[in-house]
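Read through the structure below, which is laid out as structure tokens, and then see the notes.
Every read-out reported here was derived from the displayed coordinates using simple, explicitly stated rules and does not represent laboratory data. Since the model is a prediction, treat every value here as computed from it, not as a measurement. Please note: Cβ atoms are built from the backbone with ideal geometry, for glycine as well, and neighbour counts cover all protein chains shown.
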Amino acid sequence: MAAIGLLGSVLPAQAQQKSEVAVSRQPGILYMPTHIIEKQKLIEKHAARLGLPNVAAKWVTLSGGGAQTDALLAGGVDILCTGTGNLLLLWDRTKGGVKGIVATSAQPMSLISRDANIKSIKDFGPGDRIAVPTVKVSTQAIVLQIAAAKLYGDDQWSKFDSNTVQLGHPDAVAAMSNPTHEIHSHFTIPPYTFVEMKNVPGAHVVLTSTEVMGGPLSQAQFFTTTKFADANPTIIEAVRAASKEAHDLIRSDTRTAVDIYKEVTGDKTGAEDLLAWLKEPGMMEWNLQPQGTMKFADHLYKVGTLKTRPKAWTDYYLPSSADLDGN
């Protein structure tokens, strides 16, 4: 009888969980785990395994984190996969009402320029434009702030904010490929880093996120509102299990992972190029645990962007991820 009573208390809660889950991401190979999850219906698979059948994940690709966070707050999507800066800002502004589920990737970002006169960030003048996904709050924009503070002093952290221009990565690649366009520099992510280095005349690396942060920095993670997480614990668990399975596939069968990425995204880059790029340093950082995020949070609090200083990364991640060895 006790077992029947327990079952009765569980089933209504599960029945209330959403059957269609809207998930957003940005373009780029660092979102490869999401392409695998979509193609192989891994959220659906793990939700069913956990006792919640008939779940359907609806995937939406948006060009920048700003559009994603707007969609989350407006209720247009349930879960985001995007950068550390967006997670921290929403966690702070909602007073803990938005939290991470798991990280997905920590590939290096690169500031690329086709201007021969720009060899380091010291060479950027007032009129030089740098494309970033979202000005001031994207991961790229904030890494640039941290680099400015290191080079010029803490009070100069915003020195390059006025240089940044909001442009999604595919559009930024098009701008970089146009010799008459005002955009000469792009703080980019894979595979666009390699596309520009291969195809844009004069393209060279000015700075990397690894240099600025002293190690890997999570570029993408799943996060959601605590309201959604509390109402849908099985889906949260399914997202974590799906992410782990996607990571395992990328490591064990990279070619299949690349083929899935190409199919889902329509990326015309050759498979051999993509496989070669994934062998470059830092390109296999597919991990559930957040990496480098507290350094990010410390900077944002120091400059006043965050009103609350987290004591640990677990403050802005759900309790279900507390067993991970994050930082």
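Odds and ends about this structure:
- For the set Lys99/Lys150; Lys136/Lys307; Lys95/Lys295; Lys18/Lys58; Lys18/Lys45, the pairs lying more than 18 angstrom apart at their alpha carbons are Lys99/Lys150; Lys95/Lys295.
- Look at where the Cα atoms of the stretch 77-93 and of the stretch 135-161 average out, and the two centres are 19 Å apart.
- Distance between the stretch 16-42 and the stretch 225-276 - C-alpha centres, whole angstrom: 7
- Residue among Ser185, Pro126, Ser110 farthest towards the positive dipole end of the stretch 110-213, charges placed on Cβ: Ser110
- Value in Å of the Kirkwood radius, where the chain supplies the Cα pairs that are averaged: 20.3
- Order of Met283, Met32 - criterion: other Cβ atoms within 10 Å of each residue's Cβ, fewest first: Met283, Met32
- Cα-only radius of gyration and Dmax that characterise the stretch 20-150, units Å: 17.6, 59
- Put in line by how crowded their Cβ is, counting other Cβ atoms within 10 Å and starting with the fewest, His204, His35 read His204, His35.
- For the chain, calculated [θ]222 nm from helices alone, where every DSSP H run of n ≥ 4 adds -39500 (n - 2.57): -12500 deg cm²/dmol
- Ranked for footprinting exposure by Cβ neighbours inside 10 Å, fewest first, Thr61, Thr69 give Thr61, Thr69.
- If R0 is 35 Å, the Cβ-Cβ spacing of His181 and Lys227 corresponds to a FRET efficiency of close to 0.25.
- Test item: Cα-centred dipole of the chain, Lys/Arg +1 and Asp/Glu -1 on Cβ, debye: 460
- In the stretch 110-213, the alpha-carbon atoms span a convex hull of 85 Å³ per residue.
- About its Cα centre, the stretch 110-213 has a charge dipole of approximately 140 debye under the convention of +1 per Lys or Arg Cβ and -1 per Asp or Glu Cβ, with nothing else charged.
- Listed values for the stretch 281-295 are Karplus-derived 3J(HN,Hα) couplings in whole Hz (6.51 cos²θ - 1.76 cosθ + 1.60, θ = phi - 60°), namely x, x, 7, 10, 7, 10, 9, 6, 7, x, 10, x, 6, 5, 4, and x replaces Gly and Pro.
- In Hz, Karplus ³J(HN,Hα) per residue of the stretch 186-194 (6.51, -1.76, 1.60; θ = phi - 60°; x = Gly, Pro): 8, 8, 10, 10, x, x, 4, 3, 6
- Net lengthening on full extension, Arg251/Val205 (0.36 nm per residue, minus Cα-Cα): 13.9 nm
- Computed from backbone phi, the HN-Hα couplings of the stretch 79-89 come to 9, 10, 10, 7, x, 4, x, 5, 4, 5, 5 Hz, rounded to whole numbers (Karplus: 6.51 cos²θ - 1.76 cosθ + 1.60, θ = phi - 60°; Gly and Pro given as x).
- GNM remark for the chain: springs join alpha carbons under 10 Å apart, and the peak mean-square fluctuation among Leu80, Leu62, Leu50 falls on Leu50.
- Simple rule: put +1 on each Lys or Arg Cβ and -1 on each Asp or Glu Cβ in the stretch 167-300, find the dipole, and look at Thr234, Pro281, Met197; the Cα lying farthest toward the positive end is Thr234.
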